[in-house]
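J.: One structure follows; several queries about it will come next.
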Amino acid sequence: MATLGLLSDAGRLGLATDLYQLTMAAAYFENGMGRETATFELFVRRLPANRGYLLVAGLEQVVEYLQALRFDDAGIQYLRSLPLFGAVSEAFWDYLREFRFTGDLNAVPEGTVAFPDEPLLQVRGPLIEAQMVETFLLSTLNHQTLIASKAARVVDAAAGKGVIEFGARRAHGFDAAFFGARAAVIAGCAGTSNVLAGQALGVDVYGTAAHSFTMAFPRETEAFQAFHRVFPEHAILLIDTYDTLEGARRAVSLGVPIHGVRLDSGDLATLSRQVREILDAGGQQDAIIVASGELNEDSIVRLTEAGAPIDLYGVGTEMMTSRDAPALGGVYKLVAVDDEHGHRPVRKLSLEKSTYPDAKQLYRQRGADGLFSGDLLALQTEPPPAAEGWEPLLTPVLRGGQLVQELPKLPAIQARAREQRASLPEAVRRLKDPGPYPLAISAEMQRLMASLHPEQ
């Protein structure tokens, strides 16, 4: 399920890009450069504030896009109507009609932890094809990796208590809500309030009722009775519409077992303790307490440290928008070109935006304690490190535009994410002021970098 809404028709995917991808494509084509083989890599230059690592997500949607990418007649007609393309030959439009992605894709598996300057994706193919896909690949990986990385922090803060993704209403559109839910579940959330995501992804869905439900009845007790009548085994009653403690007493006064209550405002640490006492005194020892209301990793840590008897956290806006760091600066850069003159590694030398040249392999090593101890960025043509314990992370995904093997299902991605995060050194996983993670550059890479002058 690559896209929703406007992009549900594969024929429109060709226009799901920035204009400059298409102007470059036309310029390459008209100058006879469309068939050179290019290698691009997608990576993140720097981590957002207070992040020690990223959790990679979005590869499945990248693959679906690459395999579905094409231009329909309506899209081509629209492009031809733009004055900018007035001098483009008919042959270019014929090329777009037959356009398919025929290149290769290597990628770090979803659920892998990653760090700055490490290639998450590597695309190799005809120059136009490899260039054309930049915008969609960046928007997909940047978004899902951003949300997965934020959600992982929230899950860590909860210290074993369940976290539910509650953010659909605050997401930047429903596509973002859907794929944000996917990313959050990869990171360890127990489920989502997003019903479409639950159905399509096969994950648990959670929900209670809004304050409006309670307010629609003359009395709070009547609202509780009505909701429990329909959902006798699953009712979680929202008790803070008027007065939280009175709401808890009214929930107990129903005289029937209730699944739980939800607190959505106030001093959650104090209120949760008081509500727990009311529930227990009323014979509702099995009722759970769910907390929500602008929660994030910092507020959840405070609740955890205060010993708040909260069983489940519903986290929405802060997680679904990654409010403290709402954008991830992933980039997609050309690293090599193969043409009639041979193989040509390239690198960008711009101040603060320099890149590492040529196609690479990323290796990761574990220490004697089983934790990750460091990564190595090497040329793809180099032999693997001689020392034991190095794992190559960039794996083949597409060859000639076709899947090498079936992609892992969501449960396997979730399991990988759990194992990867558990293998991080404590300092790197820290929520505040995380420690650095070492990335070494191979000697061969350093020699190649030194040999490339400003004119390449």
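J.: Starting from segment 138-152, take each residue that is among the polar types (S, T, N, Q) and list its partners that are assigned to a helix (DSSP H, G or I), counting only C-beta distances under 6 angstrom and pairs at least six apart or across chains.
T.: Sorted first by the residue in segment 138-152, then by its partner, the pairs are Thr140/Gln61; Thr140/Val62; Gln144/Phe179; Gln144/Ala183.
J.: Scan segment 431-452 and give yes if some residue there is among the aliphatic types (A, V, I, L, M), closer than 17 Å to Ala187 by Cα and in contact (Cβ under 8 Å) with a residue 60 or more places away in the chain, otherwise no.
T.: There is at least one residue in segment 431-452 that is among the aliphatic types (A, V, I, L, M), closer than 17 Å to Ala187 by Cα and in contact (Cβ under 8 Å) with a residue 60 or more places away in the chain.
J.: Now, a different point. Across segment 246-260, what is the number of residues that are open to solvent by less than 60 Å² (accessible area, probe 1.4 Å) and assigned to a helix (DSSP H, G or I)?
T.: Total meeting the criteria: 4.
J.: Can you work out which of the residues in segment 39-76 that are part of a helix (DSSP H, G or I) and not hydrophobic (A, V, I, L, M, F, W, C) is most open to solvent (accessible area, probe 1.4 Å)?
T.: Among those that are part of a helix (DSSP H, G or I) and not hydrophobic (A, V, I, L, M, F, W, C), it is Asp73.
J.: Among (1) in contact with a Leu (Cβ under 8 Å, 6 or more places away or on another chain); (2) open to solvent by less than 10 Å² (accessible area, probe 1.4 Å); (3) assigned to a loop (DSSP other than H, G, I, E, B), which single condition is Cys189 missing?
T.: Cys189 satisfies all of (1) in contact with a Leu (Cβ under 8 Å, 6 or more places away or on another chain); (2) open to solvent by less than 10 Å² (accessible area, probe 1.4 Å); (3) assigned to a loop (DSSP other than H, G, I, E, B) except (1).
J.: Considering only segment 400-455, state which residues are outside any helix (DSSP H, G or I) and of a type in the set (Gly, Ala, Ser).
T.: Residues satisfying the conditions are Gly400, Gly401, Ser423, Gly435, Ala440, Ser442.
J.: How about segment 351-390: which of its residues are within 25 Å of the chain's Cα centre (by Cα), over 27 Å from Ala38 (Cβ atoms) and not in a strand (DSSP E or B)?
T.: Correct list: Leu371 only.
J.: While we're looking at this one, here's another question. Starting from segment 397-423, take each residue that is within 18 Å of Ile186 (Cβ to Cβ) and list its partners that are open to solvent by 20 Å² or more (accessible area, probe 1.4 Å) and assigned to a helix (DSSP H, G or I), counting only C-beta distances under 7 angstrom and pairs at least six apart or across chains.
T.: Short answer, once both residue conditions are applied: Leu407/Glu60; Leu410/Leu201; Arg421/Arg429.
J.: Inspect all residues belonging to segment 107-130 and state whether any of them is open to solvent by 20 Å² or more (accessible area, probe 1.4 Å), in contact with a strand residue (DSSP E or B) (Cβ under 6 Å, 6 or more places away or on another chain) and outside any loop (DSSP other than H, G, I, E, B).
T.: Yes, that holds for at least one residue.
J.: Identify, from the list Arg169, Arg153, the residue that is open to solvent by 10 Å² or more (accessible area, probe 1.4 Å), under 22 Å from Ala422 (Cβ atoms) and either outside any strand (DSSP E or B) or at pLDDT below 95 (or both).
T.: Step by step, each of Arg169, Arg153 is checked, and only Arg153 is open to solvent by 10 Å² or more (accessible area, probe 1.4 Å), under 22 Å from Ala422 (Cβ atoms) and either outside any strand (DSSP E or B) or at pLDDT below 95 (or both).
J.: Moving on. Restricting to segment 284-304, and then to whatever is in contact (Cβ under 8 Å) with a residue 40 or more places away in the chain and not aliphatic (A, V, I, L, M), can you tell me which residue is farthest from Phe166 (Cα to Cα)?
T.: Taking the candidates together, the pick is Thr304.
Every residue, every condition in (1) under 26 Å from Ala157 (Cα atoms); (2) hydrophobic (A, V, I, L, M, F, W, C); (3) modelled with pLDDT under 95, yes or no:
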residue: Gly260; (1), (2), (3): yes, no, no
residue: Ala287; (1), (2), (3): yes, yes, no
residue: Ala306; (1), (2), (3): yes, yes, no
residue: Met319; (1), (2), (3): yes, yes, no
residue: Glu340; (1), (2), (3): no, no, yes
residue: Ser350; (1), (2), (3): no, no, yes
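J.: Here is a further query. Could you say whether any residue in segment 261-272 is small (Gly, Ala, Ser), within 31 Å of the chain's Cα centre (by Cα) and either open to solvent by less than 20 Å² (accessible area, probe 1.4 Å) or under 24 Å from Val205 (Cα atoms) (or both)?
T.: The answer is yes, given that some residue of segment 261-272 is small (Gly, Ala, Ser), within 31 Å of the chain's Cα centre (by Cα) and either open to solvent by less than 20 Å² (accessible area, probe 1.4 Å) or under 24 Å from Val205 (Cα atoms) (or both).
J.: Being open to solvent by 40 Å² or more (accessible area, probe 1.4 Å), of a type in the set (D, E, K, R) and under 27 Å from Ala184 (Cβ atoms): is that true of Asp243 here?
T.: no
J.: Does segment 77-92 contain at least one residue that is over 25 Å from Arg323 (Cβ atoms), among the acidic types (Asp, Glu), assigned to a helix (DSSP H, G or I) and in contact (Cβ under 8 Å) with a residue 60 or more places away in the chain?
T.: no
J.: Please go through segment 15-38 and pick out each residue that is touching a residue at least 60 places away in the same chain (Cβ under 8 Å), outside any helix (DSSP H, G or I) and of a type in the set (Gly, Ala, Ser).
T.: Ala16, Gly34, Ala38
J.: Can you pull out the residues in segment 305-334 that are without any contact (Cβ under 8 Å) to a residue 40 or more places away in the chain, open to solvent by 40 Å² or more (accessible area, probe 1.4 Å) and either among the acidic types (Asp, Glu) or within 28 Å of Arg250 (Cβ to Cβ) (or both)?
T.: Passing the criteria: Glu305, Ala306, Gly307.
J.: While we're here: In the set Val123, Val155, Val163, Val133, which member is free of Cβ contacts under 8 Å to residues at least 60 places away in the same chain and touching a Gly at 6+ places or on another chain (Cβ under 9 Å)?
T.: Step by step, each of Val123, Val155, Val163, Val133 is checked, and only Val155 is free of Cβ contacts under 8 Å to residues at least 60 places away in the same chain and touching a Gly at 6+ places or on another chain (Cβ under 9 Å).
J.: Return the pair list, or none, for Cβ contacts closer than 7 Å from residues in segment 214-226 that are under 12 Å from Arg250 (Cβ atoms) to residues that are hydrophobic (A, V, I, L, M, F, W, C) and open to solvent by 40 Å² or more (accessible area, probe 1.4 Å), at least 6 apart or on different chains.
T.: Matching pairs, first to second residue: Ala223/Phe213; Ala223/Phe217.
J.: Based on what the data block shows, is Arg302 among the basic types (Lys, Arg), farther than 26 Å from Val252 by Cα, open to solvent by 20 Å² or more (accessible area, probe 1.4 Å) and in a loop (DSSP other than H, G, I, E, B)?
T.: no
J.: Also, quick follow-up: The conditions are (1) surrounded by 19 or more Cβ atoms within 10 Å (Cβ to Cβ); (2) touching an Asp or Glu at 6+ places or on another chain (Cβ under 8 Å), and Glu294 fails exactly one of them. Which is it?
T.: The failed condition is (1).
The values are calculated or read from the model by the stated rules, or taken from the named source; none is laboratory data. Since the model is a prediction, treat every value here as computed from it, not as a measurement. No Cβ is skipped: glycine too gets one built from the backbone with ideal geometry, and neighbour counts run over all protein chains shown. Calculation scope for accessible area: heavy atoms of the full protein, side chains included, ligands and nucleic acids excluded. Shrake-Rupley method; radii C 1.70, N 1.55, O 1.52, S 1.80 Å.
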